Each structure stands twice: as C-alpha cells, then as structure tokens.
Amino acid sequence: LGAIPLTDGRDAWNWVAGNPAPVSGELAHQSNLLPGLHEHFFNFASTPLAVAGGEVLFAYVHLDAANPPSELMVAWHADGWEHRAYWGANAINYGTNGTASRHFMGALPSAGQWVRLEVPASLVGLEGASITGMGFSLFDGRATWDKTGKASSSTAPDAPVAAVIPPAPVAPIA
C-alpha cells in the first residue's frame, strides 16, 4: 500500500500473533495499555480505497477484557481526517458530535472476543471518496485490531472486500 505508519507519540504499532490470535492472517496490531487518549494510524496509501455508494466500512476489534477502553474511535482520511465513528463514551473530542466528523455508533462492543465493527460509508461522508489513511483511537484501555476494509453491505460479512491494511513488518495480510 505504500502507507506510512504514525502514532500520537504514546501509542505504537505493536504486531502480535497471539493474546489474542488474529482473526485474519498471521498478525494483528495492538494498542499500548494506557490511560486517556492514545492512537495509532496510517496515511498516504499509494493505492487509495475507493468507496462506492451503499458500501459499509468495517474493522475487526478485540477489546482487552481486563482493560477495556471507555471509547474507541475509527477515523478515515480521504479529503482530511473529518470522517470518524465512535463507540462508547463521548470522550475523544475530535470533530463535531452528530456529524460525519464524529458519528456515534452505539455502546462499546463486547470485550474478550473479536467483533466486526461496521459503519455505513454514508454516515461518515465517504461515499464516492478515496481513502488513503485510517486511525485507531482509544480512550483508556487496550484493544487489538485486525482486518479492515469495505463491503457491499452489512449483511455479507464475508463478501469480497478491498482491504485497507496498515503497513506491516511482514508480508501483507490478505
């Protein structure tokens, strides 16, 4: 993808093969266990992810059962970073709540298991957009992230996807 891995200076790109085992491929990326806001992200993908009308964006996440965050936020970079969805508390003050720049999706998912988060691209202003980056933000706690991308609808979780996978120190995860 040619993307550049970045962090907020507190979090990191921690590649893990276990605890938990990845849901897809050989490695997943895990946040540091920290209080407050911490995030890692990537940008400047040389092959943008084109999002069509009616598509959903997804990310697999596994919240640490012993140290769950109070909020998790996923952000996408297309014409800027003003495309975000969040679950849980409204503690991360990016964008304007109730708009495509900070859209509430509901309660935190269950901790201790892999969960597929889905966001209709229309809710975060990304229909017809080309995504070049993605951010993974937490308030408190720790989470592990895996396969991300887009699908034609939320009713087809295993439908073919054009995956947006952050840069890895190993061969790309399919």
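The values are calculated or read from the model by the stated rules, or taken from the named source; none is laboratory data. In this text the structure is predicted, and so the values were computed from the model without any measurement. Cβ atoms come from the backbone with ideal geometry, glycine included; neighbour counts cover every protein chain shown. SASA here: full protein model, heavy atoms, side chains in, ligands and nucleic acids out. Shrake-Rupley method; radii C 1.70, N 1.55, O 1.52, S 1.80 Å.
General observations
- Tally of residues being at pLDDT 95 or above and in a loop (DSSP other than H, G, I, E, B) across the range 122-153: 9
- As a summary of the residue check, A156 satisfies the conditions (1) at pLDDT 95 or above; (2) open to solvent by 10 Å² or more (accessible area, probe 1.4 Å); (3) small (G, A, S) except for the one numbered (1).
- Checked against (1) within 19 Å of T132 (Cβ to Cβ); (2) at pLDDT 95 or above, P68 passes all but condition (1).
- Residue in the range 11-25 that is in contact (Cβ under 8 Å) with a residue 24 or more places away in the chain, touching a His at 6+ places or on another chain (Cβ under 8 Å), under 23 Å from D140 (Cβ atoms) and among the aromatic types (F, W, Y) present: yes
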